[in-house]
Amino acid sequence: MSALAAQPLAANLVQSVDWLAIAPPTLTAVVGLAVLIADLFVPETRKPLLGWVSVAGLAAAAALLLPLLDHDRSTFCLNGAPRACSYTADRFTLVVQFLVLGGALLTALLSLTALKDGRSRYPQGEFWFLLLSSAAGAALLPASRDLATLIVALEVASLPAFALVGIRHGDRRSSEAALKFFLSSVTATAVSLMGVSFVYVTTGSLYLTQVADRIQHVDGQLHTLAQTGVVLTLVGFAFKTAAVPFHFWVPDTYVGAPLPIASYLSVVGKAVGFSGLILVTVVAFPSYADVWGPALAVLAALTMTVGNVAALRQQATRAYSAVRLLAWSSVGQAGYLLVPIAAAGYTEDARKTVGSTVAYALMYAAVNLGAFAVAALVARTRHLNRVSDYRGLYASNPLTALLLAFFLLCLAGLPPGVIGLFAKVTVFSTAVDAGLGWLAVVMAVNVVIALYYYLQWATLLFRAPEGEPAQHALPAPLTAALALTGALGIALSGAPQLVLRFAGTGLF
């Protein structure tokens with residue numbers, strides 16, 4: 001009798017694996033392991049090949065998203081519970097994975113030049129392994145449909161990033177930045193884990209769909225515990241989005257990290273945070289919209305205001321002011337990205353509303369990576385990377401100056417950066433439609449504030465240079481990164497409805 005009784009339980013634990021569905025993050029992780037092992041046998045003179053293998057692996061992983069476009073796929077599901085799955089490759093997953101893998105690919109292109117310029121200070125095998133490992137975790141997170149997998153993916157994406165920030169040997173700023181980033185992140189993760197444990201205690205499940213169903217019917221004595229669990233769970237993801245007051249690590253971390261890693265954190269790190277935040281709010285906790293909706297609205301207003309005001313105060317002649325300005329700008333942009341998620345708490349069709357966040361994130365990723373690519377180019381000759389170092393860039397590198405001006409106008413939301421304008425209008429309309437008029441006003445004020453420092457930097461590019469203009473040689477990887485981001489930004493500005501149609505609706 002005991003053997004017969006055990007059979008149904010054992011059968012329920014057997015889960016089939018859809019290898020095609022999990023192929024993008026799996027291939028990224030496998031290539032990372034292969035690069036780490038190959039580093040033991042490849043001679044020092046051939047180490048640059050590891051970088052090109054990593055680039056090829058990321059490109060192949062992104063290409064594996066194409067066969068998944070035809071229909072949604074789920075795997076690691078409970079037998080008898082078709083909606084209880086740990087991994088789902090739906091439209092939302094594929095869009096965010098495209099952003100993550102594309103961002104990691106562009107970061108890899110920027111890193112090829114950085115490693116060549118500072119070969120003695122970067123252990124190349126470890127660098128590529130850490131970058132690919134972090135990208136694999138970031139690609140896993142949007143597909144995660146249970147709280148345990150979400151937290152594991154968050155940490156797999158984060159832990160290698162700590163090491164990447166501090167990977168420059170003998171650099172005190174890099175070590176301090178990594179330590180600050182690590183301590184802040186670990187604290188936020190611990191709070192999130194406590195929240196997840198509270199949610200599990202009150203619902204008896206970690207699957208997002210089951211949590212959403214059961215948390216509505218929690219016993220009255222456990223209601224406060226469930227509410228506390230919801231709030232604490234959101235803290236870790238708010239940290240990853242650099243939302244105020246969880247943003248203090250951003251400027252010092254970006255300055256201390258290698259420039260390609262700063263660009264990676266500004267785009268892929270945000271994609272991780274926002275995709276996790278969307279999943280836990282819209283999918284797992286829709287019945288607690290009255291809790292997270294107002295909280296995220298306040299966070300959005302604080303984040304965009306603090307980020308833009310701090311960016312406005314950056315002095316052009318201060319060391320690393322260009323990177324600091326981009327860092328504070330990314331905090332301000334995070335505030336805009338939070339607006340549709342907050343608005344989802346006030347609308348009936350929350351899943352459609354958050355599509356505006358994904359569409360905005362795609363625009364931001366392309367143009368912000370492009371701005372960091374230009375910063376990486378200038379940093380090759382101007383190591384302090386001050387905003388004033390960009391004065392007269394048009395005289396020495398006309399095309400590069402025009403691209404940076406275009407990227408800054410996109411971030412500001414001004415023509416010819418039409419995609420930035422459309423993305424901001426879409427986000428603004430979600431706040432208005434949700435009845436958050438006050439948040440729309442705050443956003444409008446912050447857009448005006450941001451116009452000043454974006455335009456100030458853009459006009460500096462075309463002023464007469466002080467002294468002899470510096471010549472910036474364009475290595476092939478940097479050229480490829482600039483060409484890709486520039487082409488994507490121009491194409492989307494010519495047809496902004498493409499990204500809005502692709503990422504704005506039908507995500508779930």
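The values are calculated or read from the model by the stated rules, or taken from the named source; none is laboratory data. Remember, it's a predicted structure, so these values are computed and weren't measured experimentally. Backbone-built Cβ (ideal geometry, glycine too); neighbour counts: all protein chains shown. For accessibility, only protein heavy atoms count, side chains too; no ligands or nucleic acids. Shrake-Rupley method; radii C 1.70, N 1.55, O 1.52, S 1.80 Å.
Tell me, please, whether a residue that is closer than 20 Å to residue 25 by Cβ, of a type in the set (Val, Ile, Thr) and open to solvent by less than 30 Å² (accessible area, probe 1.4 Å) can be found in the range 113-127.
no
Starting from the range 147-163, take each residue that is within 13 Å of residue 181 (Cα to Cα) and list its partners that are open to solvent by 20 Å² or more (accessible area, probe 1.4 Å) and assigned to a helix (DSSP H, G or I), counting only C-beta distances under 6 angstrom and pairs at least six apart or across chains.
Within 6 Å, the pairs are 160/130; 160/133; 162/182; 163/130.
Of the numbered conditions (1) surrounded by fewer than 23 Cβ atoms within 10 Å (Cβ to Cβ); (2) within 19 Å of residue 298 (Cα to Cα); (3) of a type outside the set (Asp, Glu), residue 436 satisfies every one except a single condition; which is it?
The one condition residue 436 does not meet is (1).
Determine, yes or no, whether residue 471 is at pLDDT below 85, open to solvent by 50 Å² or more (accessible area, probe 1.4 Å) and within 25 Å of the chain's Cα centre (by Cα).
Against the criterion (at pLDDT below 85, open to solvent by 50 Å² or more (accessible area, probe 1.4 Å) and within 25 Å of the chain's Cα centre (by Cα)), residue 471 does not qualify.
Filter the range 163-180 for residues that are assigned to a helix (DSSP H, G or I) and surrounded by fewer than 21 Cβ atoms within 10 Å (Cβ to Cβ) and give the result.
163, 172, 173, 175, 176, 179, 180
Looking at residue 226 and the list (1) of a type outside the set (D, E, K, R); (2) touching a residue at least 24 places away in the same chain (Cβ under 8 Å); (3) within 30 Å of residue 252 (Cα to Cα), which single condition is not satisfied?
(3) is the only condition that residue 226 fails.
Okay, residues lined up against (1) among the charged types (D, E, K, R); (2) under 21 Å from the mean Cα position of the chain (by Cα):
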{"position": "176", "(1), (2)": "yes, no"}
{"position": "179", "(1), (2)": "no, yes"}
{"position": "185", "(1), (2)": "no, yes"}
{"position": "198", "(1), (2)": "no, no"}
{"position": "209", "(1), (2)": "no, no"}
{"position": "212", "(1), (2)": "no, no"}
{"position": "220", "(1), (2)": "no, no"}
{"position": "223", "(1), (2)": "no, no"}
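For the range 383-414, how many residues meet the condition of being over 18 Å from residue 263 (Cα atoms) and not in a helix (DSSP H, G or I)?
5
Do we find that residue 226 is crowded, with 17+ Cβ neighbours inside 10 Å, farther than 30 Å from residue 333 by Cβ and small (Gly, Ala, Ser) in this structure?
yes
Find the residue count for the range 77-95, including only residues that are open to solvent by less than 10 Å² (accessible area, probe 1.4 Å) and β-branched (Val, Ile, Thr).
Of the residues in the range 77-95, 2 are open to solvent by less than 10 Å² (accessible area, probe 1.4 Å) and β-branched (Val, Ile, Thr).
What about residue 488, is it over 20 Å from residue 316 (Cβ atoms), under 21 Å from the mean Cα position of the chain (by Cα), open to solvent by 60 Å² or more (accessible area, probe 1.4 Å) and modelled with pLDDT of 90 or more?
no
Does residue 249 fit the bill of being open to solvent by less than 10 Å² (accessible area, probe 1.4 Å) and hydrophobic (A, V, I, L, M, F, W, C)?
Against the criterion (open to solvent by less than 10 Å² (accessible area, probe 1.4 Å) and hydrophobic (A, V, I, L, M, F, W, C)), residue 249 does not qualify.
Within the range 112-152, how many residues turn out to be modelled with pLDDT of 90 or more and among the hydroxyl-bearing types (Ser, Thr, Tyr)?
Residues meeting the conditions: 4.
Taking the criterion of being open to solvent by less than 40 Å² (accessible area, probe 1.4 Å), in a helix (DSSP H, G or I) and in contact with a Lys or Arg (Cβ under 7 Å, 6 or more places away or on another chain), would at least one residue in the range 446-465 satisfy it?
yes
Using the structure shown, decide if residue 183 is over 28 Å from residue 94 (Cβ atoms), modelled with pLDDT under 90, among the hydrophobic types (A, V, I, L, M, F, W, C) and open to solvent by 80 Å² or more (accessible area, probe 1.4 Å).
Considered against the rule, which asks whether it is over 28 Å from residue 94 (Cβ atoms), modelled with pLDDT under 90, among the hydrophobic types (A, V, I, L, M, F, W, C) and open to solvent by 80 Å² or more (accessible area, probe 1.4 Å), residue 183 comes out as yes.
Within the range 147-157, which residues are closer than 17 Å to residue 75 by Cα and open to solvent by less than 10 Å² (accessible area, probe 1.4 Å)?
Answer for the range 147-157, where residues must be closer than 17 Å to residue 75 by Cα and open to solvent by less than 10 Å² (accessible area, probe 1.4 Å): 147, 150, 153.
Being closer than 19 Å to residue 296 by Cβ, part of a helix (DSSP H, G or I), in contact with a Leu (Cβ under 9 Å, 6 or more places away or on another chain) and of a type outside the set (Gly, Ala, Ser): is that true of residue 426 here?
Here the answer is yes, as residue 426 does meet what is asked.
As an exercise: evaluate residue 479 against (1) hydroxyl-bearing (Ser, Thr, Tyr); (2) surrounded by fewer than 21 Cβ atoms within 10 Å (Cβ to Cβ); (3) over 23 Å from residue 338 (Cβ atoms); (4) modelled with pLDDT of 90 or more and give the number of the one condition it does not meet.
All conditions pass for residue 479, except number (4).
Give all pairs with beta carbons closer than 6 Å in which a residue from the range 430-450 that is without any contact (Cβ under 8 Å) to a residue 12 or more places away in the chain meets a residue that is open to solvent by 30 Å² or more (accessible area, probe 1.4 Å); count only pairs at least 6 apart in sequence or on separate chains.
Hits for this filter: zero, empty list.
Can you find even one residue in the range 322-341 that is open to solvent by 30 Å² or more (accessible area, probe 1.4 Å), closer than 22 Å to residue 258 by Cβ and either not acidic (Asp, Glu) or not in a helix (DSSP H, G or I) (or both)?
Within the range 322-341, one or more residues are open to solvent by 30 Å² or more (accessible area, probe 1.4 Å), closer than 22 Å to residue 258 by Cβ and either not acidic (Asp, Glu) or not in a helix (DSSP H, G or I) (or both).
Tell me which of these residue 305 doesn't satisfy, since it passes every other one: (1) among the polar types (S, T, N, Q); (2) open to solvent by less than 10 Å² (accessible area, probe 1.4 Å); (3) farther than 30 Å from residue 205 by Cβ.
So the condition that residue 305 fails would be (2).
When the residues of the range 44-74 are narrowed to those that are more than 19 Å from residue 124 (Cα to Cα) and in contact with a Ser or Thr (Cβ under 7 Å, 6 or more places away or on another chain), which ends up surrounded by the most Cβ atoms within 10 Å (Cβ to Cβ)?
Among them, the one singled out is 61.
Of all residues being closer than 25 Å to residue 474 by Cβ and without any contact (Cβ under 8 Å) to a residue 24 or more places away in the chain in the range 390-428, which is most open to solvent (accessible area, probe 1.4 Å)? Just the residue, please.
Among them, the one singled out is 399.
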